[in-house]
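Here the structure comes first, spelled out in structure tokens, and everything after it is commentary.
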Amino acid sequence: EAGVTQFPSHSVIEKGQTVTLRCDPISGHDNLYWYRRVMGKEIKFLLHFVKESKQDESGMPNNRFLAERTGGTYSTLKVQPAELEDSGVYFCASSQTDAEAFFGQGTRLTVV
Amino acid sequence: QQQVKQSPQSLIVQKGGISIINCAYENTAFDYFPWYQQFPGKGPALLIAIRPDVSEKKEGRFTISFNKSAKQFSLHIMDSQPGDSATYFCAAIVETSGSRLTFGEGTQLTVNP
């Protein structure tokens with residue numbers, strides 16, 4: 001069974017550009033989460049989807065971040081326009097209801 | 001405000017030694033405490049977890065010790081091996097709130113041969 005996959009693995013963009021990260025959860029997992037780890041700090045929650053609905057988006061830093069999950073399958077996280085402080089590793093995780101969350105390998109975003 | 005504090009930031013242990021990583025939490029509503037292990041280029045993976053109704057949980061060489069009154073918990077890795085070299089994250093969650101994990105800052109463990 002395929003795990004959680006994220007694309008791209010790495011992205012280097014200039015300040016002011018737009019970047020879109022993609023996450024493909026494990027098939028059948030209704031719960032999808034986005035997290036971010038900045039500069040060796042803790043992994044911080046961004047938002048939680050249940051199927052296609054945003055259950056909790058309290059961790060989203062500001063309105064430059066937009067997450068979608070069309071049809072309750074894959075999810076995208078768009079940063080527009082990117083700022084230097086957005087650099088970090090973005091993790092996606094998925095789970096069945098009340099079960100262990102499985103993480104993807106992450107996307108390392110560098111904004112220069 | 002960081003709700004889960006983890007120490008040390010980095011740890012170097014000789015093969016066969018004991019690795020100890022400590023975490024402290026603030027929110028008494030947390031009711032599930034997992035530890036995650038992350039190898040370079042991979043995502044965090046669940047290693048072992050505990051609920052606050054027990055003081056210790058052991059799985060192989062990995063043990064969680066939990067002190068509810070002190071709001072602290074720790075991971076002990078016995079007979080540490082070079083293959084245990086990874087980043088370890090403690091976490092906490094209020095399971096009824098929708099499974100949102102609150103992580104510590106991570107500990108970079110290096111086990112020397």
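The values are calculated or read from the model by the stated rules, or taken from the named source; none is laboratory data. Model, not experiment: these values are computed from the prediction. When we count neighbours, we look across all protein chains shown, and the Cβ atoms used for this are built from the backbone with ideal geometry, even at glycine. The protein model used for the area step is the full one, side chains on, heavy atoms only, and it has no ligands, DNA or RNA in it. Shrake-Rupley method; radii C 1.70, N 1.55, O 1.52, S 1.80 Å.
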Would you confirm whether any residue within the range A:11-20 is under 27 Å from residue B:49 (Cβ atoms) and open to solvent by 50 Å² or more (accessible area, probe 1.4 Å)?
-> no
Answer yes or no as to whether residue B:69 is more than 30 Å from residue A:54 (Cβ to Cβ), open to solvent by less than 30 Å² (accessible area, probe 1.4 Å), hydroxyl-bearing (Ser, Thr, Tyr) and outside any strand (DSSP E or B).
-> no
Test for residue A:93: is it more than 13 Å from the chain's Cα centre (by Cα) and surrounded by 21 or more Cβ atoms within 10 Å (Cβ to Cβ) | no
Scan the range B:84-113 for residues that are in contact with a helix residue (DSSP H, G or I) (Cβ under 6 Å, 6 or more places away or on another chain) and β-branched (Val, Ile, Thr) and jot them down.
-> B:111
For the range A:1-52, name all the residues that are modelled with pLDDT of 95 or more and hydroxyl-bearing (Ser, Thr, Tyr).
-> A:5, A:9, A:11, A:18, A:20, A:33, A:35
State all residues of the range A:76-95 that are in contact with a Leu (Cβ under 9 Å, 6 or more places away or on another chain), of a type in the set (A, V, I, L, M) and not in a loop (DSSP other than H, G, I, E, B); if no residue qualifies, say none.
-> A:77, A:79, A:89, A:93
Filtering the range B:72-92 down to residues that are buried (at least 22 other Cβ atoms within 10 Å of the Cβ), touching a Ser or Thr at 6+ places or on another chain (Cβ under 7 Å) and either within 14 Å of chain A (Cβ to nearest Cβ) or not in a strand (DSSP E or B) (or both) yields B:80, B:88, B:91, B:92
Of residues in the range B:2-23 being open to solvent by less than 40 Å² (accessible area, probe 1.4 Å) and not in a loop (DSSP other than H, G, I, E, B), the one nearest to residue B:77 (Cα to Cα) | B:19
Just for the range A:96-105: of the residues that are open to solvent by 10 Å² or more (accessible area, probe 1.4 Å) and either at pLDDT 95 or above or in a strand (DSSP E or B) (or both), which one is farthest from the other protein chains (Cβ to nearest Cβ)?
-> A:102
Given (1) open to solvent by less than 50 Å² (accessible area, probe 1.4 Å); (2) assigned to a strand (DSSP E or B), residue A:108 misses just (1)
Answer residue from the range B:24-60, given it is surrounded by 14 or more Cβ atoms within 10 Å (Cβ to Cβ) and of a type in the set (Ser, Thr, Tyr) and is nearest to residue A:36 (Cα to Cα) among those | B:36
With (1) in a strand (DSSP E or B); (2) touching a Gly at 6+ places or on another chain (Cβ under 9 Å) as the list, and residue A:22 as the residue in question, which single condition is left unmet?
-> (2)
Give me the pairs, please: first residue somewhere in the range A:23-43 and within 11 Å of chain B (Cβ to nearest Cβ), second residue anywhere and acidic (Asp, Glu) and assigned to a loop (DSSP other than H, G, I, E, B), beta-carbon distance under 7 Å, and either six or more positions apart or on two chains.
-> A:41/B:105; A:42/B:105
Count - residues of the range B:24-41 that are part of a strand (DSSP E or B) and touching a Pro at 6+ places or on another chain (Cβ under 8 Å) = 4
